[in-house]
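To start, the structure itself, in structure tokens.
Just so it is clear, none of the values below were taken in a lab; they were calculated from the coordinates. Since the structure is predicted, the reported quantities are computational estimates derived from the model, not experimental observations. Cβ sites come from the backbone with ideal geometry, for glycine too, and all protein chains shown count toward neighbours.
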Amino acid sequence: MRGEEKYRMILNAAKQVFALEGFYNSKVSEIAREAHVADGTIYLYFKNKDDILISLFEEELTRIIKTVKSELESMSISDPREKLIKFCDNHLTIVEADRALAEVMQVELRQSNKFMREYKNKHFLSYLNIIADIVAQGQQSGIFRDELKPELCARVIFGSLDELSTYLVTAKRKRFDVHEVAVVVGKSFLNGMVKEKN
């Protein structure tokens, strides 16, 4: 088995173990068992449990960014209003599609002091920039209000999606349709972003 395959097997195993046991309660030996590798093999790829968690976050968010960008680019959507709703839909759909990953990203990642205090989150900024670019495009096309700050709008919109994602992960049963909610979230922000007609 090549090193790259083993690396990804370990990350996938970590995702399952962290989601099931919680980050603090998980042991490296449990990750090794889930990945079907020796305990020592883990340390050939990662320094410690925090390193595994951060690496998992980086790998998955990189994949998500590529997926979302590809979705937006492959569709013949030029209207930034539609793009924003599509972004919201993609975000919530990804959360619903992989509950183990969502559990790690929404809950367990925030239990890591190393991540919260020390990690320079450039991948997260790249994700926010997708939203900021949509807002900027809307301003350039004369649809969105000129006084909006794209970077600030991106954080506000992400914050709403993040809260809904946490609710989706922690709710004992499914209580809403993610596609319907994506439209509601998108339109809620659009109501305040679109220029008023004279």
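Among the listed residues THR62, THR93, which satisfies the condition of being assigned to a helix (DSSP H, G or I), within 16 Å of VAL169 (Cβ to Cβ) and touching a residue at least 12 places away in the same chain (Cβ under 8 Å)?
From the options THR62, THR93, the qualifying one is THR93.
Identify all residues within the stretch 145-177 that are within 15 Å of the chain's Cα centre (by Cα) and either among the charged types (D, E, K, R) or closer than 13 Å to PHE87 by Cα (or both); write none if there are none.
Matches in the stretch 145-177: ALA154, ARG155, ILE157, PHE158, SER160, LEU161, ASP162, GLU163.
Residue check: is SER76 in a loop (DSSP other than H, G, I, E, B) and without any contact (Cβ under 8 Å) to a residue 24 or more places away in the chain?
Criteria met by SER76.
Just to be sure, is VAL135 crowded, with 19+ Cβ neighbours inside 10 Å, of a type outside the set (Gly, Ala, Ser) and in contact with a Pro (Cβ under 9 Å, 6 or more places away or on another chain)?
So VAL135 passes the test.
Being outside any loop (DSSP other than H, G, I, E, B), in contact with a helix residue (DSSP H, G or I) (Cβ under 7 Å, 6 or more places away or on another chain) and more than 18 Å from LYS6 (Cα to Cα): is that true of ILE52 here?
no
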